[in-house]
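**Q** I'd like to ask you about the structure that follows.
The values are calculated or read from the model by the stated rules, or taken from the named source; none is laboratory data. Keep in mind that what you see is a predicted model, and the values were worked out from it rather than measured. Positions of Cβ are backbone-derived with ideal geometry, glycine not excepted, and every protein chain shown enters the neighbour counts. Accessible surface areas use protein heavy atoms only, side chains included; no ligands, DNA or RNA. Shrake-Rupley method; radii C 1.70, N 1.55, O 1.52, S 1.80 Å.
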Amino acid sequence: MEHRGVVRRSITVILGLGLVFGAMVPVAFSASFGGAPGLVFVIQAVMLVARLLATGVHLAARLAPVDRWAHTSPAHRTDAMVRDAAVALQHLPRRHALFDSIVYASSGLVTAIVLVSVLHDPSVSSRYFLPALGGSLSLLLGSAVIALPLAVALTADARAAVIGEAVARGIDLPRERSSVGRRIAVLALGVALAPLPGMAGMGLRAVNDDARDVALLEARLRA
C-alpha cells in the first residue's frame, strides 16, 4: 500500500511543471510572430488552462488502473487488476509524451490562427503562420523530450512493484515495443532538433519584416 499516492503525486508534478513551462510559452510566441503582447498573453493563458485540464483528465484516465491497484490490499487484488496496472504503466510514458507534445504544439498554432483569422490583429499577417509553425514544432519535440523521462521517473517504483507482482503471479505481460537504447537515442535526437524549427521561424520572421519594410519604403518613394 506504500504506492497509494503515486497517481496523485505524478499528476501534481506533471501539472506543476506544465504550469511553469506554460508561463514561458507566451513570451516566445509574442517574439516569434509579432502580435500585440497583451492579446498573445490572453490567448495563451486560456490555452494554458485548457491544456492543464486536458492533461489532468488524460493522466487520470491512463492511471486509473494503477490507482485501483494501489488502493487495493494485495490479498484482494485479482490477476486482471494487476495486469491492467502493469500495462497502464508500460504504456504511460510513450502515450503521455505523445499527448503532451501534440497539445503543446497545437496551442502555438491556435494562437496564430486566432490572431490572424478571428481577431484580425493588424500587427500580424498570414506570413507569420510559418514562424508560428516553427515554434510549434520546437514545442512538439521539446515537450516530448521532457514528458517521456519524467513519466518514467515518477512511476518507476510503482512499475517495478506491479511488474514484480505480475511475474510472481505468472501473469503474461506484453513486451515493450522499444528498447532502452532506442529510447535514449530518440530523446537525444529530440534534444538536438528541438531548437531548430523555432530558430528557423525567427529567421522567417526577420525576412518577413525586412520584406515589409522594403515594400513600405518603395511605396513611399513612389508616392
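One line per residue, one yes/no per condition, for (1) under 20 Å from residue 163 (Cα atoms); (2) open to solvent by less than 50 Å² (accessible area, probe 1.4 Å); (3) not aromatic (Phe, Trp, Tyr):
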position	(1), (2), (3)
63	yes, yes, yes
68	yes, no, yes
77	yes, yes, yes
80	yes, no, yes
88	yes, yes, yes
96	yes, yes, yes
99	no, no, no
103	no, yes, yes
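**Q** Specify which of the listed residues (41, 99) is touching a His at 6+ places or on another chain (Cβ under 6 Å) and either among the hydrophobic types (A, V, I, L, M, F, W, C) or modelled with pLDDT of 85 or more (or both).
**A** Checking each option against the conditions leaves just 99.
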